[in-house]
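Heads up, the thing below is written out as structure tokens.
What follows draws every value from the coordinates through simple rules; no lab data is involved. Quick caveat: nothing in here was measured; it's all calculated off a predicted structure. Note: ideal-geometry Cβ built from the backbone for every residue, glycine included; neighbour counts use all protein chains shown.
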Amino acid sequence: MKTILVVDDDEAIRTLLQEELSDEGYRVLIAGNAREALKKVQEKALDLVILDIRMPGMDGLEALPRILGLKEGLPVILNSAYTQYQESFMSWAADAYVVKSSDLTELKAKVKELIAK
Amino acid sequence: MDGQKDLTTIIMAGGKGERLFPLTRDKAKPAITFGSLYRVLDFTLSNCLNSGIRRIYVLSQYGSFSLDQHLRAAWDIMHPDLGEFIYSMPPQQIMVSRWYRGTADSIYQNLNLLQQERPQQVLILSGDHVYKMDYREMLDFHLSRDADMTVAAVMVPRQEASSFGILKVNAGAEVEDFLEKPAKPPGLPGAPGFSLASMGVYIFRARTLVEEVIKDAKKKSSKHDFGGDIIPQMVGRKKVFAYNFRDAAGQPRYWRDIGLLDAYYNAHADLLGKEPTFDLFEAAWPIRCRPQLYPPSRYLSPGGCLAVGDSLIASGCTIEGTVNQAVLSPGVRVGPGATVQGAILWDGVEIGAGAWVNRAIIEDGVKVPPGFAIGRDLEQDARRFHVTENGIVVVPNNVILEE
């Protein structure tokens, strides 16, 4: 079973993604902030990370290179309600940028695509 | 330069310079003395200044204090209130907790800097080369080709090209491959007796640079080097051009990588003579160095003349012996009856009376005792000092010479 880490400060989104992705047959771990996420990246065997950008403390764009520094080649999807970070160079290190939506079709497709790689 | 605010300039100055040991044992390669008054980095920084570039990041790593010291002493000339700066940047450890793994990785680790600047183009330079180049001409070429990346390159005779990183180009100057020290270097279209050697000077479209260093950072097999990794990664996918660094007559212009002790020594010979290969006296292209207060040099020869010829001699020297084909930094003393031939003497070196120095590099502050000989018996020298392949004796300043 493939393992996905969902990083989001919004509990509702964590719960939603955990349920939906579990239904897809993935094992889902959650982290409520970037520091917790970095700890899990270090400790757990992961196949993919879904990373929110706007979070208190360390934001997703700061956490992204650190995640990649800890686990080279680990696929990361940035998942933000905002589109403006797409133009930030710092977001380009992610494998995909998916704008948050109640419709999870795009996110699920990206997850599937990146995990199959 | 038009659109100069759209250009970010980054000088790579973090290399360890192991092949210049012992000169680099306690300082960065770009911080070592060159050509009497200068530090190697002064040539690249002067090129920037003479090209109208006044916003410069110097990426340091190994021996960064020596670079900081020099930047403070010689290059504290920018006006931050006008948006000008020279910043020395060791690895920030903000993005990742590691040293720079290679030239491309040093850019990757500073993506936040590029994000702050959001330039259109990025000029990437090396801090350990000796040359005079107007980067505006290269930028014009880069923009006129709408290139993703332009690599500056100099023609070298094909039979000597195996010691360089060589660019394989087509007739339209588009780069087809990068070959690190190839056994059979490819000839240049239109000039088959020559190959094009990469000068380690690059201009990138900023967006492309970011994409490519990110891509490279994810490759486990990569050495994260612009020449060996980024160029091959881009060839065939992106527009990569070679900018041939030559004069109006089509002859290669002067460029030296002083990465080896013998190359460092030989580049000094290029400074000497009435019409030197590399002219420090060109008024149109001043090379800036650290300003120092020294009295004039004096030549002492009671009752006769001294034989001093074909040399560069800085201020503050006292010469009482014979000096020929030598490069003397400030404050050097050559005692009565001493002979200095084909030598590079750094600041404050003292050559005792009757001593003999031939084909040597002597670090700052070394006191050569009276009657002592360096470069006369290489076997004996090799027991005490480093002697290069070409027989140049290198005397570091952490040894005490005895009579």
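So, with +1 on the Cβ of K and R and -1 on the Cβ of D and E, and no other charges, what is the size of the charge dipole of chain B about its Cα centre, to the nearest 20 debye? If you can, show how the numbers build up before the last one.
On the way: 43 positive and 46 negative charges, 181 e Å.
Once rounded to the nearest 20, the dipole reads 860 debye.
When we measure straight from the Cα of B:Lys274, which lysines land under 23 angstrom away, once same-chain ones fewer than 8 places off are left out?
Once the sequence-local lysines are set aside, what remains near B:Lys274 is B:Lys132.
Quick check: from the Cα gyration tensor, does chain A come out rounded (a/c under 1.5), prolate or oblate?
Numbers: a/c = 1.25, a/b = 1.11, b/c = 1.13.
Rounded is the answer for chain A, as its axis ratio a/c remains below 1.5.
How well do other chains shield peptide B:174-186, expressed as the mean number of their Cβ atoms within 10 Å of each residue Cβ?
Working: counts 0, 0, 0, 0, 0, 0, 0, 0, 0, 0, 0, 0, 0.
Mean shielding count: 0.
Cut-off 10 angstrom, C-alpha nodes, Gaussian network model of chain A. Which of A:Ala37, A:Ala81, A:Ala63 fluctuates the most?
A:Ala81
On the first, second and third principal axes, largest extent first, how far apart are the outermost C-alpha atoms of chain B in Å?
Sorted largest first, the three principal extents are 71, 50, 41 Å.
Per-residue Cβ counts within 10 Å, from other chains only, averaged over B:104-115: what number is that? If you can, show how the numbers build up before the last one.
Values: counts 0, 0, 0, 0, 3, 2, 0, 7, 6, 1, 2, 7.
Counting other chains' Cβ atoms within 10 Å and averaging over B:104-115 gives 2.
Order these peptides, B:390-401, B:58-69, by their mean beta-carbon neighbour count within 10 angstrom, highest first.
B:58-69, B:390-401
How big is the charge dipole of segment B:81-162 about its Cα centre, in debye rounded to the nearest 20, if each Lys and Arg gets +1 on its Cβ and each Asp and Glu gets -1 on its Cβ?
300 debye
Evaluate the charge dipole of segment B:199-321 about its Cα centre and quote only its size in Debye, nearest 20, assuming +1 on the Cβ of each Lys and Arg and -1 on the Cβ of each Asp and Glu. Don't skip to the end; give the middle numbers.
Details: 17 positive and 14 negative charges, 198 e Å.
The dipole of segment B:199-321 has a size of about 960 debye.
Of B:Ser222, B:Ser97, B:Ser46, which is the most mobile in a GNM of chain B whose springs link Cα atoms less than 10 angstrom apart?
In the Gaussian network model the winner is B:Ser97.
Once label points are set 7 Å from the Cα along Cα→Cβ at both A:Gln18 and B:Ala307, what is their separation, rounded to one decimal in nm?
Result: 9.0 nm between the two label points.
Which value in nm describes the separation of the simple spin-label points at B:Ser162 and B:Asp140, placed 7 Å from the Cα toward the beta carbon?
Calculated label separation equals 3.9 nm.
So, in nm, how far is label B:Asp262 from label A:Met58 when the simple model puts each one 7 Å beyond its Cα toward the Cβ?
4.9 nm
Taking a ≥ b ≥ c as the square roots of the Cα gyration tensor eigenvalues, with a/c under 1.5 meaning rounded and otherwise prolate when a/b beats b/c, else oblate, which class fits segment B:318-403? Present the calculation step by step, with values, prior to reporting the outcome.
On the way: a/c = 1.41, a/b = 1.40, b/c = 1.01.
The shape class here is rounded.
Please turn the phi angles of segment A:25-35 into ³J(HN,Hα) values with the Karplus equation 6.51 cos²θ - 1.76 cosθ + 1.60 (θ = phi - 60°), one per residue in order, whole Hz, x for glycine and proline.
x, 9, 8, 10, 9, 10, 9, x, 7, 5, 5
Based on alpha-carbon centroids, what's the gap between segment B:28-60 and segment A:74-117 in Å, whole number please?
Distance between centres, Cα-based: 42 Å.
Which entries in A:Lys112/B:Lys223; A:Lys2/B:Lys223; A:Lys39/B:Lys215; A:Lys117/B:Lys238; B:Lys16/B:Lys218; A:Lys71/A:Lys100 show an alpha-carbon gap greater than 27 Å?
Working: A:Lys112/B:Lys223 31 Å; A:Lys2/B:Lys223 30 Å; A:Lys39/B:Lys215 25 Å; A:Lys117/B:Lys238 24 Å; B:Lys16/B:Lys218 24 Å; A:Lys71/A:Lys100 25 Å.
Over 27 Å apart, Cα to Cα: A:Lys112/B:Lys223; A:Lys2/B:Lys223.
Note down the relative contact order for segment A:44-110 as a percent, whole number, built from C-alpha pairs under 8 angstrom at least six residues apart.
Values: 82 pairs, mean separation 20.3, N = 67.
Over segment A:44-110, the number comes to 30 percent.
Given only helices, namely DSSP H runs of n ≥ 4 each adding -39500 (n - 2.57), what is the per-residue ellipticity at 222 nm of chain A, to the nearest 500 deg cm²/dmol? Can you show the working numbers first?
Working: 4 runs with 46 residues, N = 117.
Counting only the DSSP helices, I get -12000 deg cm²/dmol.
Show that you can apply the helix-only estimate: for chain B, add -39,500 (n - 2.57) for every DSSP H stretch of four or more residues, divide by all residues, and state [θ] at 222 nm to the nearest 500. Write out the running numbers ahead of the final one.
Values: 9 runs with 76 residues, N = 403.
Value at 222 nm, helices only: -5000 deg cm²/dmol.
With point charges of +1 on the Cβ of Lys and Arg and -1 on the Cβ of Asp and Glu, referenced to the Cα centre of segment B:247-295, which listed residue (B:Pro276, B:Ala249, B:Pro295) lies farthest in the positive direction of the dipole?
Positive-most Cα among the choices belongs to B:Pro295.
Determine the shape class of segment B:1-120: with a ≥ b ≥ c the square roots of the Cα gyration tensor eigenvalues, call it rounded for a/c under 1.5, and otherwise prolate if a/b is greater than b/c, oblate otherwise.
Working: a/c = 2.03, a/b = 1.17, b/c = 1.73.
Oblate is the answer for segment B:1-120, as a/c is 1.5 or above yet b/c matches or exceeds a/b.
Can you give the relative contact order of chain B as a percent, counting alpha carbon pairs under 8 Å and 6+ residues apart? It would help to have the intermediate numbers written out before the result.
Numbers: 900 pairs, mean separation 56.1, N = 403.
That works out to 14 percent.
Taking neighbour Cβ counts within 10 Å as the exposure measure, how do B:Phe178, B:Phe204 sort from fewest upward? Please list the in-between numbers first.
Working: B:Phe178 24, B:Phe204 29.
Lowest count first: B:Phe178, B:Phe204.
Using Cα-Cα distances under 8 Å and only pairs 6 or more residues apart, what relative contact order does chain A have, in percent?
Numbers: 192 pairs, mean separation 26.2, N = 117.
Relative contact order, chain A: 22 percent.
What does the average come to when, for each residue of peptide B:87-96, you count the partner chain Cβ atoms lying within 10 Å of its Cβ? Kindly include the intermediate steps, with their values, before the conclusion.
Working: counts 0, 0, 0, 0, 0, 0, 1, 3, 9, 6.
Neighbouring Cβ atoms belonging to other protein chains average 2 per residue here.
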